[in-house]
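Q: Here you go, one structure.
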Amino acid sequence: MKKPFGIIGAGNIAQTIARHLSKAGYSVTISNSRGAESLKEVVADLGYGVKAAAAAEAAKSDIVILALPWKSLSSLPSLTDWKGKHVIDATNHFISYHPDFQLADLGDKTASKIVQTYVDGAMVVKAFNTLFYKILEKDPREGNGRRVLFLSGDDANFKNEVMEVIKSIGFAPVDLGSLASGGRLQQARGPLATINLIQL
Ligand SMILES: NC(=O)c1ccc[n+]([C@@H]2O[C@H](COP(=O)([O-])OP(=O)(O)OC[C@H]3O[C@@H](n4cnc5c(N)ncnc54)[C@H](OP(=O)(O)O)[C@@H]3O)[C@@H](O)[C@H]2O)c1
């Protein structure tokens, strides 16, 4: 049986990922800070296999995807006991959007290393963060190729699992290595941010 996903967030990137997952037969619980009632229409639009719940409920899922604003990360520790949980970090460290697109000051850390401190003890893979959602929502199959999704992480088993999920939704995974080195390439304004590649 396919593992259920929970998504913390229900906006552009969360809906895009949920749509791909549901098409491939995964069940997905999306969430926001305002409760499931506020997501009725969104869920109806996303279709089969997608439901809404409180963020704490979504955080109980086997695999939890973080798709919330950087400024909201501080709400994560109280959602669940993150020890040993499997987390996909799709966030970017923007603290403002159009027209400034300001980034948080990370010091010498990578964005995902900081995210890891909010989900203490979880295994974290960074993925789904490099493409604008309007690109990510397109059919990943182009001609004879597949759209590339980069990922990085420190737990080999979980990273392999995420690679299989990425393949199952039609994309081509490219493993960039550890969360520290790969994450730096993937994160906002890193060399691979916004790069849209097709693997032939
Ligand atoms: N948009 C893109 O193309 C894109 C691409 C890659 C990565 N990202 C990253 O993905 C993240 C989300 O971006 P987005 O564009 O999807 O933003 P968005 O459309 O503004 O959606 C943000 C979602 O997070 C929810 N949220 C906010 N605070 C929350 C909290 N404390 N607990 C649970 N849910 C919360 C919001 O709902 P409520 O405010 O109602 O709670 C909303 O559903 C950001 O870190 C962004 O940098 C975005």
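Q: In this structure, is Phe150 under 17 Å from the mean Cα position of the chain (by Cα), within 13 Å of the ligand (Cβ to nearest atom) and surrounded by fewer than 18 Cβ atoms within 10 Å (Cβ to Cβ)?
A: The answer is no for Phe150.
Q: Among the residues of segment 14-40, write down those that are touching a strand residue (DSSP E or B) at 6+ places or on another chain (Cβ under 8 Å), assigned to a helix (DSSP H, G or I), farther than 26 Å from Ser74 by Cβ and open to solvent by less than 50 Å² (accessible area, probe 1.4 Å).
A: Leu21, Ser22
Q: Being loosely packed, with under 15 Cβ neighbours inside 10 Å and either closer than 14 Å to Asn129 by Cα or of a type in the set (D, E, K, R) (or both) is the filter here; which residues of segment 175-200 pass it?
A: If the condition is that a residue be loosely packed, with under 15 Cβ neighbours inside 10 Å and either closer than 14 Å to Asn129 by Cα or of a type in the set (D, E, K, R) (or both), then Arg189, Pro191, Thr194, Ile195, Asn196 are the ones that fit.
Q: So, in segment 111-129, exactly how many residues are at pLDDT 95 or above and over 16 Å from Ala156 (Cα atoms)?
A: Of the residues in that region, 10 qualify.
Q: Let me ask something else. I'm told Tyr97 meets every condition in (1) at pLDDT 95 or above; (2) within 10 Å of the ligand (Cβ to nearest atom) except one. Can you identify the failing condition by its number?
A: Against the list (1) at pLDDT 95 or above; (2) within 10 Å of the ligand (Cβ to nearest atom), Tyr97 comes up short only on (1).
Q: Follow-up. Going residue by residue through segment 41-54, is there one that turns out to be surrounded by 18 or more Cβ atoms within 10 Å (Cβ to Cβ) and under 13 Å from the mean Cα position of the chain (by Cα)?
A: Checked against the condition, which is being surrounded by 18 or more Cβ atoms within 10 Å (Cβ to Cβ) and under 13 Å from the mean Cα position of the chain (by Cα), segment 41-54 yields no hits at all.
Q: Separate question: Show the residue pairs that are 6+ apart or on different chains and have beta-carbon atoms under 6 Å apart, the first residue being within segment 141-158 and without any contact (Cβ under 8 Å) to a residue 40 or more places away in the chain, the second being buried (at least 19 other Cβ atoms within 10 Å of the Cβ) and part of a helix (DSSP H, G or I).
A: Close Cβ pairs (under 6 Å, with a partner that is buried (at least 19 other Cβ atoms within 10 Å of the Cβ) and part of a helix (DSSP H, G or I)) amount to Leu149/Ile166; Leu151/Val162; Gly153/Lys159; Gly153/Leu179; Asp154/Leu179.
Q: Is one or more of the residues making up segment 84-93 in a helix (DSSP H, G or I) and within 13 Å of the ligand (Cβ to nearest atom)?
A: Checked segment 84-93: no residue is in a helix (DSSP H, G or I) and within 13 Å of the ligand (Cβ to nearest atom).
Q: Take the residues in segment 11-48 that are among the basic types (Lys, Arg) and farther than 17 Å from Ile88 by Cα, then tell me which one is farthest from the ligand (Cβ to nearest atom).
A: Ranking the qualifying residues of segment 11-48, first place goes to Lys23.
Q: Give the residues of segment 155-174 that are part of a loop (DSSP other than H, G, I, E, B) and either at pLDDT below 95 or buried (at least 16 other Cβ atoms within 10 Å of the Cβ) (or both), sorted by residue number.
A: Ile169, Phe171
Q: I've got another one for you. Please find, among Gly190, Gly177, the residue that is at pLDDT 95 or above, on the phi > 0 side of the Ramachandran plot and outside any helix (DSSP H, G or I).
A: Gly177
Q: Residues being over 13 Å from the mean Cα position of the chain (by Cα) and either farther than 19 Å from Leu151 by Cα or open to solvent by less than 10 Å² (accessible area, probe 1.4 Å) (or both): count how many of those fall in segment 60-72.
A: Number of matching residues: 4.
Q: Step by step: first the residues of segment 1-10, then only those that are of a type in the set (A, V, I, L, M) and touching a residue at least 12 places away in the same chain (Cβ under 8 Å), then the one that is farthest from the ligand (Cβ to nearest atom). Which residue is that?
A: Ile7
Q: Could I ask something else about it? Is at least one residue of segment 106-120 open to solvent by 10 Å² or more (accessible area, probe 1.4 Å), assigned to a loop (DSSP other than H, G, I, E, B), within 16 Å of the ligand (Cβ to nearest atom) and not charged (D, E, K, R)?
A: Yes, segment 106-120 contains at least one residue that is open to solvent by 10 Å² or more (accessible area, probe 1.4 Å), assigned to a loop (DSSP other than H, G, I, E, B), within 16 Å of the ligand (Cβ to nearest atom) and not charged (D, E, K, R).
The values are calculated or read from the model by the stated rules, or taken from the named source; none is laboratory data. Everything numeric here is computed off the predicted structure, so don't read it as measured data. Virtual Cβ from ideal backbone geometry, glycine too; neighbours counted across all protein chains shown. To get the accessible areas, we keep the full protein, side chains included, count just its heavy atoms, and leave off ligands, DNA and RNA. Shrake-Rupley method; radii C 1.70, N 1.55, O 1.52, S 1.80 Å.
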